[in-house]
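The values are calculated or read from the model by the stated rules, or taken from the named source; none is laboratory data. All values reported here derive from a predicted model rather than from experimental measurement. For neighbour counting, all protein chains shown are included, and Cβ atoms are generated from backbone atoms with ideal geometry for every residue, glycine included. These accessible areas exclude ligands, DNA and RNA; they are computed on the full protein's heavy atoms, side chains included. Shrake-Rupley method; radii C 1.70, N 1.55, O 1.52, S 1.80 Å.
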Amino acid sequence: MIQRDLHGRVAYMLATSILRGDYAPGALLPREAELMQSFGVSRTVLREALRTLTSKGLVESRPKVGTKVRRRSAWNLLDADLLEWYSQVAPQLEFALKLQEVREMVEPYAAALAARSHTRESIDALEQAHAAMVAARNIDEWVRADLRFHLGILTACSNELLMPLGSLIERTLESQLRLNAKRADVFNAALQQHTTVYDAIRARQPDEARAAMADLLGVTRKRIEA
């Protein structure tokens with residue numbers, strides 16, 4: 001996360017203000033002098049922070065006009081930092097359902113592709129993640145293993161265009177998996193559904209893997225909507 005340094009922290013605070021709606025699309029940010037005083041930083045630090053927000057599609061600067069918030073459609077939410085920041089300030093249910101929609105579009109077909117295309121290395125990694133889920137004795141162990149399992153399926157697809165998706169959603173997916181585990185009767189209530197997915201992928205049964213993942217995500221959706 002980039003907010004570990006000074007300009008990164010300023011970028012984070014400005015970005016979350018915009019994502020939260022404190023500054024509407026089309027609105028001008030306060031002038032540099034005001035922002036410098038507000039954050040207690042130098043002009044160099046502030047401008048570096050604004051460059052970060054510009055690169056992520058949140059703002060644009062124009063001479064003699066100032067720095068303006070861009071329209072929402074220009075925001076690069078397919079940026080790992082921006083996606084995580086948005087998850088922190090968006091209404092929790094609304095964000096969870098949007099992430100769920102992405103998962104429902106991608107993961108069943110990823111499971112089918114993994115069943116067709118997995119290598120010995122990738123199926124071994126998936127087996128280890130599944131074994132860790134079986135062995136989990138608390139919610140932290142379960143969530144770590146569950147995350148490895150879902151990311152492992154994307155890797156097992158053997159499609160280099162899908163693999164970056166895991167890195168993109170990893171932080172927000174972990175939060176959702178934790179929330180789902182907390183809402184279940186027991187943290188590992190979905191173990192059998194995960195096992196069905198794993199067995200189908202290992203047996204190279206694409207249709208069964210797709211259906212099993214769709215069933216698993218259906219359970220997830222019910223917990224979110226509850």
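Any idea what the relative contact order of the range 67-166 is, in percent, if you count C-alpha pairs under 8 Å spaced at least 6 apart? Walk me through the numbers before you get to the answer.
Numbers: 63 pairs, mean separation 26.6, N = 100.
Once divided by the residue count of the range 67-166, the mean separation gives 27 percent.
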Checklist entry - Distance in nm between label sites at A184 and D207, each 7 Å beyond Cα in the beta-carbon direction? => result 2.8
Checklist outcome for this item: D5 and K222 label points (each 7 Å along its Cα→Cβ direction) are spaced in nm at 4.9
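Using helices alone, what [θ] at 222 nm do you get for the chain, with -39,500 (n - 2.57) per DSSP H run of 4 or more residues, divided over all residues and rounded to the nearest 500?
Numbers: 10 runs with 159 residues, N = 226.
Taking each H run of at least 4 residues, the total per residue is -23500 deg cm²/dmol.
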Checklist outcome for this item: Each label sits 7 Å from Cα toward the beta-carbon; between D215 and A135 the label points are separated, in nm, by 2.7
Item to check | Separation of alpha-carbon centers, the range 48-82 and the range 173-193, rounded to whole Å | outcome: 35
Item to check | Percentage relative contact order, the chain, counting C-alpha pairs under 8 Å, at least six apart | outcome: 20
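Return the equivalent ellipsoid semi-axes of the range 1-92 as a descending list in whole Å, where each equals the square root of 5 times an eigenvalue of the C-alpha gyration tensor. Show your work: numbers first, answer last.
Details: eigenvalues 73, 50, 26 Å².
Calculated on Cα positions only, the semi-axes equal 19, 16, 11 Å.
If R0 is 30 Å, what FRET efficiency do you get for R51 and Q92 from their C-beta distance, rounded to 0.05? Don't jump to the answer; show the numbers that get you there.
On the way: r = 31 Å, r/R0 = 1.02.
Once rounded, the FRET efficiency stands at 0.45.
Return the tail of the calculated pair distribution for the chain, meaning the percent of Cα-Cα pairs more than 33 Å apart. Mind dumping the intermediate values first?
Values: 7661 of 25425 pairs.
Roughly 30 percent, once rounded to a whole number.
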Checklist entry - If you roll a 1.4 Å probe over the range 134-207 with all protein chains in place, what percent of the accessible area is carbon or sulfur? => result 50
Checklist outcome for this item: Ignoring ligands and nucleic acids, E84 exposes an accessible area, probe 1.4 Å, in Å² to the nearest 10, of 30
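Please state the shape class of the range 129-182: rounded when a/c is under 1.5, otherwise prolate if a/b exceeds b/c and oblate if not, all from the C-alpha gyration tensor.
Numbers: a/c = 3.74, a/b = 1.58, b/c = 2.37.
Taking the square roots of the gyration eigenvalues as a ≥ b ≥ c, the range 129-182 is oblate.
Send over a whole-number figure in Å² for the accessible area per residue of the chain, probe 1.4 Å. Mind dumping the intermediate values first?
Numbers: 11810 Å² over 226 residues.
Using a 1.4 Å probe on heavy atoms only, each residue of the chain averages 52 Å².
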